[in-house]
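The values are calculated or read from the model by the stated rules, or taken from the named source; none is laboratory data. The model shown is predicted, which means the values in this text are computed figures rather than measured ones. Here the Cβ is made from the backbone with ideal geometry for all residues, glycine too, and neighbour counts use every protein chain on show. These area figures cover heavy atoms from the full protein model, side chains too; ligands, DNA and RNA do not enter into them. Shrake-Rupley method; radii C 1.70, N 1.55, O 1.52, S 1.80 Å.
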Amino acid sequence: MSQLQHLIGAYPQLSDLFQKLSPLEPLKPQSLPIAEAVTKIVVGQMLSRAAANTIYFRIQARCADHKLVGSWKLTEADLISCGLSRRKARTIREFSACYESDPGSIEAWRRLDYQELRLAVSEHWGLSQWSADMLAIFYFAMPDVFPESDGSIIRARKILEERFLPAKLEPDRSRPFRSYLARYMWALLDEGVLS
């Protein structure tokens, strides 16, 4: 059974909505250095995808100007000049220092289970459960993570509960594919299906 079939079985009232969406690519672990993944995640916090992409494009251009192999190596001033807040720049720089001092221990996050990953990520200034959720879903391809605190998920959930579901949306009904439920909820917003 596919993830979509599983979700339709768990939420039959949402079947028509899910089937209006473009097919989702399967989750695949990314080989990107974790410091780069964290940089992209921090850039995207509380921003639209378009705004985050614009800022990250500037960051990559600045890396190329300085001939750096990772955007986490930029100075705080460079990061701020690309459009990041001081707080986000500090988060990236503090994480960068930890990563550079012991990259092996950070890269070992790939082998952690979700609870261990959450604990490891939360030890770093400026990173949160949301940061761990984004790493788990988009970089480590964990199939069963539901980012409760994500603003878009909260918005999509509210719309689904008010207009399409007879009761509260229970993410646990989508186990072991809660990451796919989240991705479908994001897609419902991104593709304008809930407008």
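The loop-placed trypsin sites (Lys or Arg not before Pro) in the range 39-115, going by DSSP, that have at most 16 neighbouring Cβ atoms within 10 Å of their Cβ come out as Lys67.
Along its three principal directions, the equivalent ellipsoid of the chain from the Cα gyration tensor extends over semi-axes of 33, 18, 14 Å, largest first. Full extension of the segment from Gln30 to Ala108, taken as 0.36 nm per residue of separation minus the current Cα-Cα distance, would add 26.7 nm.
Solvent-accessible surface of the chain, taken per residue with a 1.4 Å probe and all protein chains present: 53 Å². The heavy atoms of Ser22 offer some 60 square angstrom of accessible surface to a 1.4 angstrom probe.
The trypsin sites (Lys or Arg not before Pro) found in the range 140-186 that occupy coil by DSSP, while having at most 11 further C-beta atoms within 10 Å, are Lys168. Looking at the range 61-170, the GluC sites (Glu not before Pro) that sit in a DSSP loop and have at most 15 other Cβ atoms within 10 Å of their own Cβ are Glu123, Glu148.
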